Amino acid sequence: MSENTNDSVNPVLTFEGKKYKINDLSNDIKEIIKGLQIAETQLKMHEDTLKLLSIGRNSLANQLREKLKIFE
């Protein structure tokens, strides 16, 4: 799903290869679109959080590796 906003007066939704003028859609459909946009934003945010957690975990593992070298 993507939204072309080149023409802010008549925005177009592209969904599954078809284009729809958003202003012509029902309020129910507009609410679903908003929900999808929110879900997409949340997914991206959580993906970024997972990346940061992974980086932190790797950093901690590297620190542990360095500290344990004295016991080898």
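Each value in this text was obtained by applying a stated rule to the coordinates, not by laboratory testing. Predicted model, so just to flag it, every value in this text is computed and none were measured. A quick note on method: Cβ atoms are made from the backbone with ideal geometry, for glycine too, and the neighbour counts reach across all protein chains shown.
With each label point set 7 Å from Cα along the Cα-Cβ vector, what nm distance links R65 and Y20? For the pair R65/Y20, the computed spacing is 5.0 nm.
Here's the picture: charge each Lys and Arg Cβ at +1 and each Asp and Glu Cβ at -1 in the chain, and of N27, F15, I55 the one pushed furthest to the positive end of that dipole is I55. Within the same chain, lysines fewer than 8 places from K21 are excluded, and of the rest, those with a Cα less than 27 Å from its Cα are K30, K34, K44. Across segment 19-28, computed HN-Hα scalar couplings (Karplus, 6.51 cos²θ - 1.76 cosθ + 1.60, θ = phi - 60°) run 10, 9, 6, 4, 5, 8, 8, 6, 4, 4 Hz from first to last residue, x flagging Gly and Pro.
Suppose the chain between L36 and L50 were pulled fully straight at 0.36 nm per residue; how much longer would it get relative to their current alpha carbon spacing?
Gain on extension, L36 to L50, equals 3.0 nm.
Computed from backbone phi with θ = phi - 60° and the Karplus coefficients 6.51, -1.76 and 1.60, the 3J(HN,Hα) list for segment 50-63 is 4, 4, 5, 4, 5, 4, x, 4, 5, 5, 5, 5, 5, 4 Hz; x is used for glycine and proline. One entry in (i) 22.3, 71; (ii) 14.2, 54; (iii) 10.7, 31 is Rg and Dmax of the Cα atoms in Å calculated from the shown coordinates; its label is (i). Near K69, which lysines are there with a Cα under 28 Å away, not counting those fewer than 8 places off in the same chain? Cα-Cα hits under 28 Å: K51. Dipole magnitude for segment 2-71: about 560 debye, using +1 per Lys or Arg Cβ and -1 per Asp or Glu Cβ, origin at the Cα centre.
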